[in-house]
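Have a look at the structure below before the remarks.
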């Protein structure tokens, strides 16, 4: 096999040394040669790693070029499309129920679209876009490993003050994202218990500032992550902090951690639940490596997500496990913001200021971490009714990491909650151009129009949704697409005809969710609101928020499991969502706000919810809060 080279005077010895590194059918060249090509041509080379060539005192980087006519690697979107059928099913199930008005449960990996989340460059600081590191292990089942390594490297770099880090899909070009100043890219090759990570930092104009390769035992991958972060910091003339992580980690524990984290971030078993396999992987990781702080905090978040779809003692046990895992993570590394999020979310205290302090610690610890920003926006800002700020923060989180399914789902919720349908529509259109699965996100647009009685607009979005379903049917022929379309047509018919029999049938189906856990039960109120069943909606809210949930139900078995914690089980953000704008002055809502401590927090802190502007301003909210708190004292 001949090796690509730009000049004919290269020594045969160097040719042989490079060639010996190649796998059968590969064409390799050095980084110096690769850099001689124009940017577009150079992009066709994949970083392969580094090697020590004969008679050279330093390592050189190697790059691989596929032979003409060889099978190209599947794109990032194509790989995700194959792996995402569970999330497609979750999105379709949500469409059948028409309960998830705030957004579909399906998201996918792709670069952030321009105009939806424009990057900023505050203070002239560098903005580093991290491109997913290529898996060159020759085994697609190891994609989780290269993806996980990318995210761990991104996390390590994001902890450096003075650098802003964002994530970019494999299709992103260097200068296409507003504000991006540098690109960090590379490859990962796993071979047994060893791993070779190659990385390079370049300006967006193509000039390479730094590149290096690290071949180490997997046990030393955390050291490699920190070393890459320090190299990036040095190249950008900023100071990297000392790492609080262990110098080495058991290789099996690290692999289990990456698998579990990937499952937590990319979906689960219907209804958006985290797969049990994610938890089992992470539990085994911390059993093997009890001082692995990142694994403990990932386990805490997995427990926290899973409990949404559990009931009774199982749910209570998962909440306690989440708190214990988060506390353990902070004992090892007190700078892990995600752990403070879990503790704030499940604090048994009804003092919102106390909970808010934990969320503030999270943001202070890791202000550039996409997961921390997402969770802070969702479980603090949205909970206290500050949806506008939550949307701004989720925009920042989305800039940092558009690959997280959970994040894009929350982002969609915020766009709907703040009434930014144009922003969400632009997001869907630009995403749908690269992946038809994105069309599922037309569902919340359709439901929002139905809520407002805009049937013409709803039909427009329904047509877009059904067109997306039809495209999905080609890739997923066994999916329940026809059932989903039939259910939606039935809802349209019931709402347009206002036929009480048809509406009662839909309501009865929604009632079945009351015994499926707090999250499922709470979402039924969206169905009831859509069907105009205000009294039934209020009855469910009163039991959920004021009577510790339904106890054992009547013979027909309907009922909501009890709630043990004063905060954290049923989201308060449901009540501040624009879906219930007609009830923001209702005494029941303010009775709930008072009972859960939120009215007192608003009054004492002055951090009033956004909806105050729509019901007469802060003065009106203060008056409603005072009356509700006074009535609470009397009772």
ask   = For the stretch 191-213, which residues satisfy the criterion of being over 29 Å from the mean Cα position of the chain (by Cα) and without any contact (Cβ under 8 Å) to a residue 40 or more places away in the chain?
value = 192, 194, 205, 207, 209, 210
inquiry  = residue 264 - would you say it is in a helix (DSSP H, G or I), surrounded by 21 or more Cβ atoms within 10 Å (Cβ to Cβ) and at pLDDT below 85?
reply    = yes
ask   = Do any strands (runs of 3 or more DSSP E) entirely within the stretch 180-221 hold 3 or more residues that are crowded, with 22+ Cβ neighbours inside 10 Å, and if so, which?
value = 182-191, 194-203
note = Taking the stretch 235-253 and the residues there that are assigned to a loop (DSSP other than H, G, I, E, B) and over 30 Å from residue 278 (Cβ atoms), the one that is modelled with the lowest pLDDT would be 242
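Table: residues versus (1) under 25 Å from residue 263 (Cβ atoms); (2) outside the structural domain of residue 608 (by TED's automatic domain parsing); (3) out of contact with any helix residue (DSSP H, G or I) (no Cβ under 9 Å at 6 or more places or on another chain).
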| site | (1), (2), (3) |
| --- | --- |
| 355 | no, yes, no |
| 366 | yes, yes, no |
| 373 | yes, yes, no |
| 376 | yes, yes, no |
| 384 | no, yes, no |
| 400 | yes, yes, no |
| 412 | yes, yes, no |
| 430 | no, yes, no |
| 433 | no, yes, yes |
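So which of 485, 462, 426 ends up being buried (at least 16 other Cβ atoms within 10 Å of the Cβ) and out of contact with any helix residue (DSSP H, G or I) (no Cβ under 9 Å at 6 or more places or on another chain)?
Residue meeting the stated conditions: 426.
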request  = Report yes if some residue within the stretch 335-346 is over 25 Å from residue 601 (Cα atoms) and more than 20 Å from the chain's Cα centre (by Cα); otherwise report no.
outcome  = yes
Unique residue being more than 23 Å from residue 582 (Cα to Cα) and either in contact with a helix residue (DSSP H, G or I) (Cβ under 9 Å, 6 or more places away or on another chain) or not assigned by TED's automatic domain parsing to the domain that holds residue 536 (or both) when the list is 457, 439 = 439
remark   = Sole miss for residue 259 among (1) farther than 28 Å from residue 330 by Cα; (2) in contact with a helix residue (DSSP H, G or I) (Cβ under 7 Å, 6 or more places away or on another chain); (3) at pLDDT 85 or above; (4) surrounded by fewer than 22 Cβ atoms within 10 Å (Cβ to Cβ) is condition (1)
ask   = For residue 453, are the conditions met, namely being in a helix (DSSP H, G or I), without any contact (Cβ under 8 Å) to a residue 40 or more places away in the chain and closer than 29 Å to residue 503 by Cα?
value = no
task = Looking for whichever is at pLDDT 80 or above and under 24 Å from residue 384 (Cβ atoms) here; the options are 359, 292. Which one fits?
result = 359
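The values are calculated or read from the model by the stated rules, or taken from the named source; none is laboratory data. Note that the coordinates shown come from a computational prediction; the quantities given were computed from them, not determined experimentally. Because the Cβ atoms are built from the backbone with ideal geometry, glycine has one as well, and the counts that use them run over all protein chains shown.
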